[in-house]
Amino acid sequence: MGARARRTAIAWTFCGPFIALFATFGLWPVISSLSMSVTDITARDIRTPFGVNFVGLAHYTALFTDPTFLRAVVNTLYFVAVGIPLTMVIALAIAVALNSGIRRAKGFFRVGYFAPVVTSVVAIAVVWRYLYEPDGMINSILAVVGIHGPDWLNDPNWSMPALILMAVWRHFGIPMVIFLAGLQSIPADLLEAARVDGATRWQSFRSVTLPLLRPTTLVVAVLLSIGYLQFFEEPFVMTSGGPLGSTTSISYYAYEQFGFGNYGMASAASYVLVAAIGLLSFVQFRIFRARA
Amino acid sequence: MTATTVSTVASASGVKAATRLRPARILLYGALALGLVATLAPFAWMFLGSIKPTGEIVANPSVWLPRSPTFGNFQQLLSKQNFALYFFNSTLVAVTCVAGNLLFSSMAGYAFAKLEFAGKRLLFGLVLAMLIIPGVTTFVPLFVLVSNLGLSNSYLGLILPFVVTPLGVFLMRQFINDVPDSLVEAARLDGAGDARIFLRVVLPLCRPPLATLAILTFLAQWNNFLWPLVIAQTEDHYTLPVALALFSVGANGTNYGLLLSGAVTVVTPIVLLFLVLQKQFIQGIANTGLK
């Protein structure tokens, strides 16, 4: 055996187990999902997945004439458009506060604010369902300031804001620590120079900190949009997509189609999501490259 | 002389800044503390509720502190519900996935970073692309595949799809790539083969990414619920989140004492792990932006 063949054999020994498992449980499902989206496969074909008919783009055209799917697209965009800026503003505000020279209890605050990130959504849903009861904790607090709170999870107008709030609570810890790392890399003498020049705290934040934080901000925006476009867990554990479809997201719609046995439709819906995520990441990386 | 003047001016302005900043500082601490209370309130409610009898949990107006604290809810979880078994299942699945990810990702990471083979760039490109593929896209074919392999309702069916992840290989490859080639070459000159180089030279340096990967994998698997929910069809294969999810929609949906103590059982191990390894958790998630 030649040296070259020997080296190839060694390399494949090292990555063989990974490649075998990755190909079977990663790549194959991705390809399989794309091909399912152009066939009429249903739950009844599970034993004979190759004995199905080619239907072309029928599922995709069906999707874009299905009012439930269009509603799911609008809901997903609603969640992304409100959820991402809200998550970023809260994460940045806390990161700036933690970075503004407090030494005492900084680690304590960071751990506390980060805690929701590590908790199981199923467990946390038990508590949040209670918080959102008509006479639950959130409405009791609102009542103190004289606001009569809605029946959050059963009111189609308030179900989405309720899930957005819960999602922001669950996720802001991640951008918070990324922002903290970004803030710590800003040279202190730049802010000091701005202060010497008579800039107020707000002015130096606006014209020194924010511009220098731009790469971090874009990384956070990319990560959040990839994550938030897949919006699924909150409607799954809290509202089952309801009431009246007001929290059905694209992912949830795909899961529902899977539940009905319409595997072709489910796959097509999931590929709409792949396209959206691919496009958005591409655009954001172009902007990122142009500005960086 | 000049030095003295400068230091006097500096300390004077320092004193001035300190006195002027004090109210602002108090305000800052106050705001941070208020935010923290709001963030942690759901946890407090969960932990306090788990030791209340159901009557107290649903009492209106609600009471925060348990009047007659009890461990009855937890006793019921263990005696009437099979939570000890679900706990074992969750641990088994998470630990096996951690072991698989550490082993296979570090091996593959070594091959991708330090060895040459045909198709390397294409394969690594596929690993990167896989990082942004949404879970729902692979879900249906994965279900068909695992069913046809006869692995639904089995531990293997729960574990195999997650025993390697693109994130793991990506993390290990990036780290091993930064290990100087000279170290590897020096070992090779001393007559070491790749197995020896991997085990004795590269792996001992990889503790930080291995710790990150172990934490991220454990966290993801401990909290994973959608896949186990469709794969585990009988009680003996339920993981904790599956049991809790099914529990809260069934006849026990209003048994808040049981639900809250179940939630505490799911959350406590991971929160304890987080408190012990907080630095590694936070850095791992900050570096990858994923959980």
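Readers should treat all values here as calculations from the given coordinates under stated rules, not as data from a laboratory. These figures come from a predicted structure and were not determined experimentally. Here the Cβ is made from the backbone with ideal geometry for all residues, glycine too, and neighbour counts use every protein chain on show.
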Legend entry - Most to least packed among A:179-187, A:118-126 [average Cβ atoms within 10 Å]: A:118-126, A:179-187
Legend entry - 5 Å binning of all Cα-Cα separations within chain B, expressed as whole percents from 0 upward: 1, 5, 9, 11, 12, 11, 11, 9, 8, 7, 6, 5, 3, 2, 1, 0, 0, 0
Legend entry - Kyte-Doolittle at least 0.5, axis length at least 27 Å by Cα - qualifying DSSP helices, chain A: A:3-22, A:67-99, A:263-291
Legend entry - Kirkwood Rh in Å, taken over region B:89-142 so that all alpha-carbon pairs contribute: 13.4
Inset, instruction - Report the trypsin sites (Lys or Arg not before Pro) located in region B:58-132 that are in a DSSP loop and have at most 15 other Cβ atoms inside 10 Å of their Cβ, or state none. - result: B:Arg67, B:Lys80
Inset, instruction - Taking the Cα centre of the protein assembly as shown as origin, work out the dipole magnitude from +1 charges on Lys and Arg Cβ and -1 charges on Asp and Glu Cβ, in debye rounded to 20. - result: 1800
Inset, instruction - Can you tell me the alpha carbon radius of gyration of region A:36-145 divided by the globular rule-of-thumb value 2.2 N^0.38 Å? - result: 1.76
Inset, instruction - Please report B:Cys206, A:Cys15 as a ranked list, fewest other C-beta atoms within 10 angstrom at the top and most at the bottom. - result: B:Cys206, A:Cys15
Legend entry - 5 Å binning of all Cα-Cα separations within region A:45-88, expressed as whole percents from 0 upward: 5, 17, 13, 14, 13, 13, 10, 7, 6, 2
Inset, instruction - Compute the FRET efficiency between A:Arg47 and B:Tyr29 as 1/(1 + (r/R0)^6), taking r as their Cβ-Cβ distance and R0 = 60 Å, and round to the nearest 0.05. - result: 0.40
Inset, instruction - Kyte-Doolittle cut-off 0.5, length cut-off 18 Å along the helix's own axis using Cα: show which whole DSSP H helices in chain B pass. - result: B:2-50, B:83-114, B:135-148, B:207-223, B:256-276
Inset, instruction - Using only atoms on other chains, find how many Cβ atoms lie within 10 Å of each Cβ of peptide B:81-88 and report the average. - result: 0
Legend entry - Ascending count of other beta-carbon atoms within 10 Å, so fewest first, for A:His59, B:His237: B:His237, A:His59
Legend entry - Helical contribution to [θ] at 222 nm, DSSP H n ≥ 4, -39,500 (n - 2.57), averaged over chain B, rounded to 500: -23500 deg cm²/dmol
Legend entry - Magnitude of the charge dipole, region B:168-264, Cβ model with Lys/Arg +1 and Asp/Glu -1, debye to 20: 100
Inset, instruction - Quick one: compute a quarter of the convex hull surface over the Cα atoms of region A:89-162 and quote it in nm². - result: 6.7
Inset, instruction - Would you work out if region B:10-157 is rounded, prolate or oblate? Take a ≥ b ≥ c from the square roots of the eigenvalues of the alpha-carbon gyration tensor; rounded if a/c is under 1.5, else prolate when a/b is larger than b/c, oblate otherwise. - result: oblate
Legend entry - Which of B:Val202, B:Leu28, B:Gln76, positive extreme of dipole for chain B (C-beta unit charges): B:Leu28
Legend entry - Coil-residue chymotrypsin sites (Phe, Trp or Tyr not before Pro) of region A:28-100, DSSP, other Cβ within 10 Å capped at 15: A:Phe50, A:Phe64
Legend entry - Charge dipole magnitude, Cβ of K and R +1, D and E -1 - chain B, Cα centre, debye nearest 20: 920
Inset, instruction - Putting +1 on Lys and Arg Cβ atoms and -1 on Asp and Glu Cβ atoms, find which of A:Thr119, A:Val208, A:Val177 reaches farthest to the positive end of the dipole of chain A. - result: A:Val208
Legend entry - Equivalent ellipsoid semi-axes - Cα gyration tensor, region A:71-131, angstrom: 28, 19, 7
Inset, instruction - Quote the Stokes-Einstein diffusion coefficient, in whole µm² s⁻¹, for chain A, based on the Kirkwood radius over alpha carbon pairs, a temperature of 37 °C and a viscosity of 0.692 mPa s. - result: 145
Legend entry - Sequence of A:Val89, B:Val140, A:Val145, A:Val219 once ranked by neighbouring C-beta atoms within 10 Å, starting from the fewest: A:Val145, A:Val89, A:Val219, B:Val140
Inset, instruction - For region B:51-78 and region A:29-79, compute the distance between their C-alpha centroids and round to whole Å. - result: 46
Inset, instruction - Take the protein assembly as shown, compute every pairwise Cα distance, and split them into 20 Å bins from 0; I just need the percent in each bin. - result: 17, 50, 28, 5, 0
